[in-house]
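Below is one structure, written out as structure tokens; the observations come after it.
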Amino acid sequence: MAHASLAARASGRVLSRQPAVRVFDHLLTPAECARLRRLAAGHMAACEVRDSPRLRHRRSSTGCWLPRSDAAASAWRTLRPDPPDAALLAAIEAWVAAACGLPRGHGEPAQVLRYRAGELYALHPDFFDARDADELANGGQRRFTCLVYLSTVPHGAGGATHFPFAAESGERGLRIQPVAGRAVLFENCRRDGRVEPRSVHAGETVKRRVDPSTGNLVEKWVLTKWMREANFEVREDAGFGSVW
């Protein structure tokens, strides 16, 4: 699968300019979303907040790192996708890189996250503190974040991605509801390279366990891909820990 096929299906539109937020509907098909959920399902582990495990109440999802398409088998032993899954991941990597205007090597490995009823990720930035030399040493700052929803959360069931400081057309705040196959691409840095503080966002609480209209289980699944300002070297298997 070439990333051109993904670009041909996805219809993009700008939702905010401060911070820059774009949404692309129909990037993935329902079958592709299901394939990625199955790939990650057996490898999920509790996610942590980088700053401190004591802040566990701020992030209560489970997650799984997926190998970057160029990761050597010796460097990534916990999860090796079969050829169709690997081709899909490579196509997503290529599409995200093209949408950001950056080389694929600037991308961190993708992470799949699952939020069940009552789970959330409180307001947070994706960019790093300029004083955090350890995080910035490999690839520099996170310039872009791409979220690809792998499931649909019904309206009224929570789970939206919330940018409380987005300002567009005189209105403050932006909420994007998860729809399977939809991608959200936003910039963590301004054009001059400084971080964009208005890019802080939250994964709102999933409020329902079951959709009363269908009887289906409500879970929010999302694939996250971060793009750095420089090449990001995959040095070890992120699958051995829930924090990179």
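Return the residues of the stretch 7-25 that are modelled with pLDDT of 90 or more and either within 18 Å of Leu150 (Cα to Cα) or of a type in the set (A, V, I, L, M) (or both); say none if nothing qualifies.
Pass one, the stretch 7-25, residues modelled with pLDDT of 90 or more: 12-25.
Correct list: Gly12, Val14, Leu15, Ala20, Val21, Arg22, Val23, Phe24, Asp25.
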TODO: Could you please let me know if Gly193 is outside any strand (DSSP E or B) and either in contact (Cβ under 8 Å) with a residue 24 or more places away in the chain or of a type in the set (Asp, Glu) (or both)?
DONE: yes
- [ ] Check whether at least one residue in the stretch 143-162 is over 28 Å from Ala94 (Cβ atoms) and of a type in the set (Ser, Thr, Tyr), and report yes or no.
- [x] no
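Out of the stretch 124-140, which residues are within 26 Å of Arg37 (Cβ to Cβ) and more than 13 Å from the chain's Cα centre (by Cα)? So that I can check it myself, show each step before the final result.
We begin by selecting, within the stretch 124-140, every residue within 26 Å of Arg37 (Cβ to Cβ); these are 124, 126.
If the condition is that a residue be within 26 Å of Arg37 (Cβ to Cβ) and more than 13 Å from the chain's Cα centre (by Cα), then His124 is the only one that fits.
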Task: Test: residue in the stretch 71-79 that is under 23 Å from Ala180 (Cα atoms), under 19 Å from the mean Cα position of the chain (by Cα) and either buried (at least 20 other Cβ atoms within 10 Å of the Cβ) or modelled with pLDDT of 80 or more (or both) - done: no
Open item on the list: Name the single residue that is farthest from Ala99 (Cα to Cα) among those in the stretch 112-168 being of a type in the set (D, E, K, R) and in contact with a Gly (Cβ under 9 Å, 6 or more places away or on another chain).
Closed with: Glu119
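The values are calculated or read from the model by the stated rules, or taken from the named source; none is laboratory data. Just so you know, these numbers come straight off a predicted model, no measurement behind them. All Cβ positions, glycine included, derive from the backbone under ideal geometry; neighbour counts span all protein chains shown.
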